[in-house]
Amino acid sequence: MTQYLRDIYEAVTSALKGMRITGKHVVRKPVTLQFPDERWVLPARFKGFIINDVNLCDGCLRCAKVCPVDCIYIETMGKGKDRFMHRYAVDYNKCIWCGLCTEECPTFACQHSLDYDHALYDRRRLVYEFVDPARPVPCHKERRQQMGYFVEQVAAAPPDPDRIAKAPRRADLPETAPGGAEGGGA
Amino acid sequence: MSETATGRGWGAQDVRRELHSELLEINMGPQHPATHGVLRLLVHTDGEIVQGVTAHIGYLHRCAEKIAEGCDWRQWMVYTDRFDYLAPINMNFGYAVAVERMLGVKVPERAEHIRVICAELQRIASHLIAIGTFGLDMGAWTPLLYCFREREEILNILERISGGRMLYNYFDIGGLRYDAYEGFERDVLDFVNIMEQKIPEYDTLLSYNKIFIERTADVGVIDVATCHAYGCTGPVLRGAGVPFDCRKDDPYSIYDRFEFDIPYGEGEQGTVGDCWDRYMVRMREMYESCRIIRQAVDALPGGPVKAEELKKLVKVPQGSLYTRTESSKGEIGYHIFADGGSKPFRTKVRSPSFSNLHVIEKVGPGMMLSDLVATIGSLDIVLGEIDR
Amino acid sequence: MQVMTDLFARIFGDGLSPVGLLVAGGLTMALIMALVMALCAIVFTWAERKVAGFIQSRYGPMRVGRWHGVLQPVADMVKILGKEDIVPQDADKPLFLLAPFVIFIGSLMAWAAIPFAPGFIAADLDLGLFYIFAVSSAATIGILMAGWASNNKWSLYGAARGAAQAVSYEIPLTLACIPVVMITGSLNMNDIVIAQQGGIWHWHFLHDPFLFVAFLLYFVASIAEVNRGPFDMPETESELVAGYHTEYTGMRFAFFFLAEYANLFLVSCVATAVFLGGWQPLFGPVFLPGLVFVIKAVLLVLLQMWLRWTLPRLRVDQLMHVCWKVMVPLALICVLGAGIWMLATGQTG
């Protein structure tokens, strides 16, 4: 009988204690953000969509090799000074945002952007093309200089948030050619 | 029939014989709110009483072990993230330790300390989810949201240090990918201070709530013999009253330098090894993790975070090694066979949830349907880790 | 209804016969009650989300409507109206289609005897309280129908639990009201409210200690009666997916929701009328009776929401334990105690 009464007492008091805690939270300011209107500050290391700055890229293929899911397609032509890259594409269908490519890149061309919100109607549009096939990018340093590309060596620098923030966003990138995904088995 | 079965003493057995009644076969999952992922439980019930449970797994199988044979040693770290997606750092830790032991690499001190801090933060995050979803299985929504609020703080710290919010890929073989950011220590200590204040709040709201105790005490009792038979580790084994923890009993990294206790189930509210004990072990482990983090932050040295002697392409000498570490769910073991090449010859992952889950077949029969949900919740399984 | 018939009599003068007046008044009241129910669902779905939100350190709906997502229920209604009405292939079709309306009607009928304000009562029945309990338990049939007809094992579990729970909790619910009936000497809702005239210390829940306990018992039993947490056995989203309405979609699902929130408000209205003085204000003369009544009932609803978002859920057998071994004996003690109190203080019913 004592146990019975104690059970009832405990049930009521513990419920009231719990209600005190939840009640306190009602008057506290909520911790959530109103997402599209309020956004949190992204850290400099944030792993957003991968971008490649073709001004810096020398087409060394290291990123494509290190990628565990083979989501980077690079196509080049020629040899030595006449080596041109006519395709650099990242297939975000496959990308797992592991960041191995950005670590591997010797020129800091391949970087994570701070871009994370994309909603698309067609998954084929998730293959981003960074090089216009009509205007192949020279891979060799001297040729790039001749053609007026940006060649400043980025000496072992950490990812620069400013540059990443100013990186081309989805809207600025060239549209993927129709059937891009099918042709994408680099 | 067990004690909880309402049929006891009512002649239910006789009635059933006369009625020629059948057991109800019911699929709990793969799409069911209480199965924590894509687990399918085939449950045979007699009214509210469960008569048999079979766990069907494999819905999240991604061939991670086979993929390892095509990846180089560093690449596979990415896949270890995806085993237990609620505690990826702990999964990374095990793999990193395993490969480093095979290589005989000495990890720099600073990296070791940051590793421990991150791993313990991750353990708290994982336990927060375990506690929150366990509460949710009991019908208490609010603790879940409070737990997520605190977990968010952890994720913010880990995001700042690694760039990822869920899958970090932060550990590298021989160290860490990046050094800690400026102000990391302060962030961590701020969080620990908050966390230690929040735990009593959870206790009042959930742990010592009478309804919660009634729902969890004496329910789903897993004793030591069953744990040994099924290979249960982690909070399940500790809940059964065995203070076994790889961090203490088979120390890896620098865990032997820290002072912490191993909480274990004592049957405070009911039998030793019931759901409440398992739950409470997690709650107390969060305190202990906070203690470890404080010590690690105090002792955090400067210096490099990557072993200098390691090349970009790691080649592990021929041989095999089983390495176990303590993840938030239990003992995560990596059995690695190397043939001297740049890729693993074969990897085998011993995942804690896999062993912990199958206890349900032993303890399930005889309990009520609601208790089955409670027991699964208290095992804290993650299907990514079970199926791999 | 007196108010309505008077109103019609004033508008039409002698144009309507007494029977016509009665019919017109009755229909108007029914319409008002249906609107009240719909309004309940709209206001309380929003309120529930906001309460849950603020309890859980978040905002709840914020987008639709300018201020705190006030138009969220409207958006939900529009969405839910556009949903496909799916009937499972092997469902018992007539029962499946009928079940939501049975639940809804059980709830709607009970509203007839709620005295919102002096004279503003659809049916001033002599057996008002009895009628409310009798009619509102019809919802149990709807739950059983829905669960059985869905041809889904989870639904069946939900229905069995729901029926057992509703039938059991009727008893403490009704027993808790009996002391009030003893004091008032009437089952008429109007009489019960009028008996509590003259300030808060005349309200029944402060009449004597037994009645206070009876009020608490009524409150707890009413939460169980409307199947809400911590007694939400029939729905138990973590065990039974969604209980008896697992298979329902679109408008039919909306009817279950409508009935749930309408029931929630109904039991609170009954509690207000029986224990909390109905339309009587805290002190002083009667002032805006309808508003006072609604405010009291809404506060009770908010209290129920607060409880729901705080507590874990009971298990089925514990639910029955609480009902039969705790609440029923306590309610019986209350009845006995209230009777002795009346004899001791020389009151007669």
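In segment A:106-124, how many residues are within 25 Å of A:GLY59 (Cα to Cα) and out of contact with any Phe, Trp or Tyr (no Cβ under 8 Å at 6 or more places or on another chain)? Counting residues in segment A:106-124 that are within 25 Å of A:GLY59 (Cα to Cα) and out of contact with any Phe, Trp or Tyr (no Cβ under 8 Å at 6 or more places or on another chain) gives 7.
Taking the criterion of being within 28 Å of A:MET147 (Cβ to Cβ) and surrounded by fewer than 18 Cβ atoms within 10 Å (Cβ to Cβ), the only residue of segment A:85-103 that qualifies is A:HIS86. When the residues of segment A:13-22 are filtered to those that are more than 16 Å from B:LYS198 (Cβ to Cβ) and facing another protein chain (nearest Cβ under 7 Å), the one that is surrounded by the most Cβ atoms within 10 Å (Cβ to Cβ) is A:SER14. For segment B:292-346, name all the residues that are surrounded by fewer than 13 Cβ atoms within 10 Å (Cβ to Cβ) and more than 14 Å from chain A (Cβ to nearest Cβ). The answer is B:ASP298, B:PRO301, B:GLY302, B:GLY303, B:GLU308, B:GLU309, B:PRO317, B:GLN318, B:GLY319, B:TYR322, B:GLY340, B:GLY341. From the set of residues in segment B:129-141 that are in contact with a Leu (Cβ under 7 Å, 6 or more places away or on another chain) and assigned to a helix (DSSP H, G or I), which is farthest from the other protein chains (Cβ to nearest Cβ)? So, considering only residues that are in contact with a Leu (Cβ under 7 Å, 6 or more places away or on another chain) and assigned to a helix (DSSP H, G or I), the one farthest from the other protein chains (Cβ to nearest Cβ) is B:ILE129. The residue of segment C:203-244 that is nearest to C:THR184 (Cα to Cα), among those that are within 14 Å of another protein chain (Cβ to nearest Cβ) and touching a Ser or Thr at 6+ places or on another chain (Cβ under 7 Å), is C:GLY243. For segment B:41-59, a residue qualifies if it is at pLDDT 85 or above and surrounded by fewer than 19 Cβ atoms within 10 Å (Cβ to Cβ), and the qualifying residues are B:LEU42, B:HIS44, B:GLN51, B:GLY52, B:THR54, B:HIS56, B:TYR59.
Screening segment C:275-349 for helices (runs of 4 or more DSSP H) wholly inside it with 1 or more residues that are of a type in the set (Phe, Trp, Tyr) and touching a Ser or Thr at 6+ places or on another chain (Cβ under 9 Å) returns the ranges C:289-308. Would you confirm whether any residue within segment C:46-68 is away from chain B (no Cβ under 14 Å), within 17 Å of C:GLN304 (Cα to Cα) and not basic (Lys, Arg)? Yes, segment C:46-68 contains at least one residue that is away from chain B (no Cβ under 14 Å), within 17 Å of C:GLN304 (Cα to Cα) and not basic (Lys, Arg).
Every residue, every condition in (1) in contact with a helix residue (DSSP H, G or I) (Cβ under 8 Å, 6 or more places away or on another chain); (2) surrounded by fewer than 24 Cβ atoms within 10 Å (Cβ to Cβ), yes or no:
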| site | (1), (2) |
| --- | --- |
| B:LEU205 | yes, no |
| B:GLY220 | yes, no |
| B:ASP249 | no, yes |
| B:PHE258 | yes, yes |
| B:ILE262 | yes, yes |
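Of the helices (runs of 4 or more DSSP H) lying entirely inside segment B:30-124, those containing at least 3 residues that are touching a strand residue (DSSP E or B) at 6+ places or on another chain (Cβ under 8 Å) and farther than 19 Å from B:TYR252 by Cβ are B:64-68. Restricting the first member to segment B:142-162 and to residues that are within 14 Å of chain C (Cβ to nearest Cβ) and aliphatic (A, V, I, L, M), and the second to residues that are surrounded by fewer than 22 Cβ atoms within 10 Å (Cβ to Cβ) and outside any helix (DSSP H, G or I), the beta-carbon pairs closer than 9 Å and six or more apart or on different chains are B:LEU145/C:SER57; B:LEU145/C:ARG58.
Take the conditions (1) buried (at least 21 other Cβ atoms within 10 Å of the Cβ); (2) in contact with a strand residue (DSSP E or B) (Cβ under 6 Å, 6 or more places away or on another chain); B:TYR279 misses just one of them, which is (2).
Can you pull out every residue in segment B:121-145 that is under 25 Å from A:LEU42 (Cβ atoms) and not aliphatic (A, V, I, L, M)? Listed by number, the residues that qualify are B:GLN122, B:SER126. Filtered by the rule that a residue be without any contact (Cβ under 8 Å) to a residue 12 or more places away in the chain and either within 25 Å of the chain's Cα centre (by Cα) or part of a loop (DSSP other than H, G, I, E, B) (or both), segment B:166-188 gives B:GLU182, B:GLY183. The condition of being without any contact (Cβ under 8 Å) to a residue 12 or more places away in the chain and either surrounded by 20 or more Cβ atoms within 10 Å (Cβ to Cβ) or of a type in the set (A, V, I, L, M) (or both) does not hold for A:VAL54.
With of a type in the set (A, V, I, L, M, F, W, C) and closer than 30 Å to C:ARG315 by Cα as the only criterion, which of C:ILE121, C:ILE132 stands out?
Residue meeting the stated conditions: C:ILE132.
Does C:GLN318 satisfy the criteria of being polar (S, T, N, Q) and within 20 Å of C:CYS177 (Cα to Cα)?
Criteria not met by C:GLN318.
Being within 18 Å of C:HIS202 (Cβ to Cβ), part of a helix (DSSP H, G or I) and either over 15 Å from the mean Cα position of the chain (by Cα) or touching a residue at least 24 places away in the same chain (Cβ under 8 Å) (or both) is a condition met by at least one residue of segment C:258-271. All of B:TYR178, B:TYR170 fail the test of being touching a Lys or Arg at 6+ places or on another chain (Cβ under 8 Å), modelled with pLDDT under 85 and of a type in the set (Phe, Trp, Tyr), apart from B:TYR178.
C:TYR248 meets the conditions (1) under 23 Å from C:THR140 (Cβ atoms); (2) modelled with pLDDT under 85; (3) crowded, with 22+ Cβ neighbours inside 10 Å in every case but one. The failed one is (2).
The values are calculated or read from the model by the stated rules, or taken from the named source; none is laboratory data. If you're wondering where the values come from, they're calculated on a predicted model, not measured in any experiment. So basically every Cβ, Gly included, is an ideal-geometry build from the backbone, and we count neighbours across all protein chains shown.
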